[in-house]
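Written below as structure tokens is the structure these notes are about.
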Amino acid sequence: AQSVAQPEDQVNVAEGNPLTVKCTYSVSGNPYLFWYVQYPNRGLQFLLKYITGDNLVKGSYGFEAEFNKSQTSFHLKKPSALVSDSALYFCAVRGRFDSNYQLIWGAGTKLIIKP
Amino acid sequence: DAGVTQSPTHLIKTRGQHVTLRCSPISGHKSVSWYQQVLGQGPQFIFQYYEKEERGRGNFPDRFSARQFPNYSSELNVNALLLGDSALYLCASSLLAPEELFFGSGTQLSVL
């Protein structure tokens with residue numbers, strides 16, 4: 001069965017420090033991987049995706065994520081956190097050959113950046 | 001350009017009633033997906049439509065149905081509402097999977 005795990009309910013980081021939000025997945029075959037962000041009272045926004053190619057993917061707002069096939073992980077990173085990065089972050093996965101086109105989502109990680 | 005629009009934004013129903021939620025995708029997007037998001041959880045996939053045909057269905061009962069119209073807008077229908085159907089219902093549009101999804105702000109459904 002396909003699944004996504006975001007092991008941390010909440011991550012606290014001081015402004016200016018690097019941040020990492022963890023994601024591991026289980027899917028049949030090669031995955032499509034995504035990160036989305038949800039700000040309070042706003043809809044989900046796309047950050048970045050891994051389809052194929054370079055394992056390091058760069059996305060919006062200075063975020064990047066590294067695909068690690070052996071560890072089945074797709075951790076989200078940013079070199080220097082901003083207070084405005086505080087939000088709820090979701091990792092999602094779909095099997096490349098999933099005929100159901102179903103995107104499986106993690107439970108989310110609340111990121112809090114303290115000034 | 002307008003983003004994905006959903007209506008209504010909030011809805012209160014009682015158990016056993018029926019509800020219809022509406023979604024207009026971004027102009028040019030032919031794919032619409034529906035998700036249910038319960039507080040504290042990630043979105044759960046309900047349906048995906050592309051070119052008016054159902055392309056994917058999540059693990060939801062037959063009380064949930066949807067359709068896509070020639071202008072690519074979509075409706076999600078839920079019959080015989082249960083208390084557990086209370087959630088934020090999100091619509092997303094895309095050009096074609098696995099392209100990035102563009103989400104609407106959702107419809108908050110409360111079933112009393």
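When the residues of the range B:95-112 are filtered to those that are facing chain A (nearest Cβ under 8 Å) and in a loop (DSSP other than H, G, I, E, B), the one that is surrounded by the most Cβ atoms within 10 Å (Cβ to Cβ) is B:Leu101. Which one is surrounded by the fewest Cβ atoms within 10 Å (Cβ to Cβ) among residues in the range A:91-115 that are within 14 Å of chain B (Cβ to nearest Cβ) and among the aliphatic types (A, V, I, L, M)? Selected residue: A:Ala107.
Is there a residue being within 13 Å of chain A (Cβ to nearest Cβ), in contact (Cβ under 8 Å) with a residue 12 or more places away in the chain and open to solvent by less than 50 Å² (accessible area, probe 1.4 Å) anywhere in the range B:67-76? So far as the range B:67-76 goes, no, none of its residues is within 13 Å of chain A (Cβ to nearest Cβ), in contact (Cβ under 8 Å) with a residue 12 or more places away in the chain and open to solvent by less than 50 Å² (accessible area, probe 1.4 Å). Restrict the check to the range B:30-52 and report whether at least one residue is of a type in the set (Asp, Glu), part of a strand (DSSP E or B) and either over 22 Å from B:Ala87 (Cα atoms) or touching a Cys at 6+ places or on another chain (Cβ under 9 Å) (or both). Looking through the range B:30-52, none of the residues is of a type in the set (Asp, Glu), part of a strand (DSSP E or B) and either over 22 Å from B:Ala87 (Cα atoms) or touching a Cys at 6+ places or on another chain (Cβ under 9 Å) (or both).
Looking only at the range A:2-27, count how many residues are farther than 14 Å from A:Ala92 by Cα and open to solvent by 30 Å² or more (accessible area, probe 1.4 Å).
Residues of the range A:2-27 farther than 14 Å from A:Ala92 by Cα: A:8-20.
Right, trim to open to solvent by 30 Å² or more (accessible area, probe 1.4 Å) and you get A:8-10, A:12, A:14-18, A:20.
Adding up the residues that qualify gives 10.
Residues in the range A:1-17 that are of a type in the set (Asp, Glu) and either over 12 Å from A:Ser86 (Cβ atoms) or part of a strand (DSSP E or B) (or both): A:Glu8, A:Asp9. If you check A:Leu33, A:Leu88 for being within 22 Å of B:Gly3 (Cα to Cα) and either open to solvent by less than 80 Å² (accessible area, probe 1.4 Å) or hydrophobic (A, V, I, L, M, F, W, C) (or both), only one passes: A:Leu88. Filtered by the rule that a residue be open to solvent by 20 Å² or more (accessible area, probe 1.4 Å) and either within 25 Å of A:Phe90 (Cα to Cα) or assigned to a loop (DSSP other than H, G, I, E, B) (or both), the range B:77-94 gives B:Asn79, B:Ala80, B:Leu82, B:Gly84, B:Ser86, B:Leu88.
The values are calculated or read from the model by the stated rules, or taken from the named source; none is laboratory data. Computed from a predicted model, the values in this text were never measured in an experiment. Methodologically, a virtual Cβ is constructed for each residue, glycine included, from the backbone with ideal geometry; neighbour enumeration extends over all protein chains shown. The protein model used for the area step is the full one, side chains on, heavy atoms only, and it has no ligands, DNA or RNA in it. Shrake-Rupley method; radii C 1.70, N 1.55, O 1.52, S 1.80 Å.
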